[in-house]
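Presented below is the structure to which this report refers.
The values are calculated or read from the model by the stated rules, or taken from the named source; none is laboratory data. Fair warning: this is a prediction, and the values are worked out from it, not measured in the lab. Counting neighbours? That spans all protein chains shown, and the Cβs are built from the backbone with ideal geometry, glycine included.
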2 protein chains.
Amino acid sequence: MREALTAAASRRVTRPAPLRQAVYDALTELIVNGSLKPGQHLVEAELAEHLGVSRQPVREALQRLQTAGWVDLRPAQGAFVHSPTAEEAAQLLGVRAVLETYSAQLAAQNAKPEDIARLDELQLEGIAALADGDVERLVSANTALHDFITAVADNAVLAELIAQVGQKVRWYYTPIAKPRGKEAWNEHTQLIRAIAKGDAHQAGEVMRKHTERTTEFYRKQIAARANQN
Amino acid sequence: MREALTAAASRRVTRPAPLRQAVYDALTELIVNGSLKPGQHLVEAELAEHLGVSRQPVREALQRLQTAGWVDLRPAQGAFVHSPTAEEAAQLLGVRAVLETYSAQLAAQNAKPEDIARLDELQLEGIAALADGDVERLVSANTALHDFITAVADNAVLAELIAQVGQKVRWYYTPIAKPRGKEAWNEHTQLIRAIAKGDAHQAGEVMRKHTERTTEFYRKQIAARANQN
DNA sequence: GGGCAGGGTTGTGTATACAGAAGTCTGTAT
DNA sequence: ATACAGACTTCTGTATACACAACCCTGCCC
């Protein structure tokens with residue numbers, strides 16, 4: 001009895017989790033994984049029925065999705081999944097590069113020995129995924145490494161922006177470009193070394209070149225695909 | 001008659017402007033100008049009555065304000081005006097610095113002769129405001145100059161982030177710090193010169209130092225104020 | 001045959017109603 | 001006097017209802 005109450009109480013701490021949040025997460029997932037395609041008209045009533053809620057939470061979620069840039073809300077016409085232009089995608093990469101560079105600099109200033117150890121682990125995971133040829137695992141290892149560097153940078157404002165931009169970049173480029181391979185992970189090694197030394201300038205430079213090469217790598221694939229059509 | 005119809009048609013093009021947008025703008029303004037103080041509880045019904053609308057548009061506006069970081073939405077408790085910590089404010093300045101630096105670099109690459117002419121005009125306006133000792137005019141001249149550089153940079157994603165961060169910075173620092181004076185506008189002169197030359201690297205460096213000095217300028221005033229209490 | 005006007009349909013924009021959770025106040029018992 | 005329990009108030013969370021705007025399709029007129 002006592003234990004049951006304790007368990008109930010600890011559960012009680014968890015937020016009631018408003019429906020709008022669940023709806024927001026669900027819709028973001030549907031957009032990122034491609035179930036909802038760019039330009040598609042999102043009808044509130046359909047979404048509401050499909051998710052088993054009323055229109056109200058759906059509308060609130062759509063407002064947030066608009067501010068986050070995932071949908072465009074045309075007055076009196078409703079919500080449409082955002083269609084990123086090639087230009088916008090290129091701009092995203094440029095912005096991400098400067099944010100990640102700053103992130104690396106801060107990480108180099110703040111990194112503690114245990115952080116370095118964790119970075120090494122993540123690096124090894126990436127190398128292993130590379131050896132296995134497991135693309136999905138490789139992408140998630142890459143994300144984990146960059147995310148951890150951002151965490152070490154310890155700047156919540158920066159982390160927020162990187163998350164925003166990064167998710168959009170992955171949304172746009174993952175379906176049309178394969179990830180970089182061995183070269184990228186060699187650059188990661190240099191990056192971790194610079195962070196371990198606490199050399200902010202060098203860490204920033206390595207990250208800047210790293211993101212620039214990734215940008216160029218994507219650009220070439222897009223160009224090749226364009227010529228092919 | 002014909003003219004009347006034409007006028008009506010041209011007006012017709014303007015969107016019906018949903019209430020949620022008007023509410024969003026109104027609330028943002030109230031927060032930025034300090035009518036709504038950090039930590040204050042925003043009761044939906046009160047806002048709705050005050051603005052002469054129902055709760056629905058107010059709720060939608062609050063969702064967007066949360067995503068933009070102006071309010072915190074606690075489940076089952078409602079909206080509270082965000083209280084920025086000193087740490088968060090410092091982080092904002094750091095992020096703004098790297099974004100503005102990138103903006104200056106892009107502007108230097110893209111600037112056309114007419115852009116330079118416009119920059120010179122804005123610079124003169126700032127100098128004039130400085131001579132008059134008109135603080136409000138000085139602040140708006142500074143904002144106008146930086147905004148125009150961002151416009152010349154021609155990167156919508158970047159512009160969006162700078163606008164987000166910049167507005168927050170002004171919100172936090174304008175009430176507690178006076179603007180920089182002559183020195184800042186001398187730095188603007190150097191910046192415009194670098195942009196006119198099309199020297200992206202130099203423009204970036206000048207902007208970086210400029211924003212770093214502004215950061216330091218604010219930091220000192222905060223520290224002085226802290227000692228004083 | 002093409003274009004335009006009108007009605008009908010669909011879907012958004014706004015308002016209102018109701019259920020439930022959180023906080024507050026009061027009354028009572030120790 | 002204090003602490004706790006309970007009802008009460010207030011406000012949010014969700015659902016439903018209705019008005020209006022945009023779009024579409026049909027039929028008529030030129």
Query raised in the report: If you check B:Glu136 against the conditions, is it surrounded by fewer than 22 Cβ atoms within 10 Å (Cβ to Cβ), within 12 Å of another protein chain (Cβ to nearest Cβ) and charged (D, E, K, R)?
Result: no
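Okay, residues lined up against (1) crowded, with 24+ Cβ neighbours inside 10 Å; (2) over 15 Å from B:Ala203 (Cβ atoms):
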| site | (1), (2) |
| --- | --- |
| B:His82 | no, yes |
| B:Ala86 | no, yes |
| B:Ala89 | no, yes |
| B:Arg96 | no, yes |
| B:Ser103 | yes, no |
| B:Leu106 | no, no |
Query - Given (1) under 28 Å from B:Leu99 (Cβ atoms); (2) free of Cβ contacts under 8 Å to residues at least 40 places away in the same chain; (3) loosely packed, with under 14 Cβ neighbours inside 10 Å, number of the condition A:Glu187 does not satisfy - result: (3)
Query raised in the report: Being over 19 Å from B:Ala128 (Cα atoms), outside any helix (DSSP H, G or I) and within 22 Å of the chain's Cα centre (by Cα), is that true of even one residue in region B:186-199?
Result: no
Report summary line: The residue that is nearest to the other protein chains (Cβ to nearest Cβ), considering only those in region A:41-52 that are surrounded by 15 or more Cβ atoms within 10 Å (Cβ to Cβ) and more than 8 Å from DNA strand D (Cβ to nearest atom), is A:Glu44
Query raised in the report: What are the residues in region B:61-103 that are charged (D, E, K, R) and within 16 Å of DNA strand C (Cβ to nearest atom), if any?
Result: B:Arg64, B:Asp72, B:Arg74
Requested in this report: Working carefully through the options A:Ala97, A:Ala76, A:Ala61, find the one that is within 12 Å of chain B (Cβ to nearest Cβ), farther than 16 Å from B:Arg59 by Cβ, of a type outside the set (Phe, Trp, Tyr) and in contact (Cβ under 8 Å) with a residue 12 or more places away in the chain.
Outcome: A:Ala97
Requested in this report: Identify all residues within region A:53-71 that are within 9 Å of DNA strand D (Cβ to nearest atom) and surrounded by fewer than 19 Cβ atoms within 10 Å (Cβ to Cβ); write none if there are none.
Outcome: A:Val53, A:Ser54, A:Arg55, A:Gln56
Query raised in the report: Could you say whether any residue in region B:82-91 is at pLDDT 95 or above, away from DNA strand D (no atom under 16 Å from the Cβ) and assigned by TED's automatic domain parsing to the domain that holds B:Gly204?
Result: yes
Query raised in the report: Of all residues in region A:153-163, which are assigned to a helix (DSSP H, G or I) and surrounded by 21 or more Cβ atoms within 10 Å (Cβ to Cβ)?
Result: A:Ala153, A:Val157, A:Leu158, A:Leu161, A:Ile162
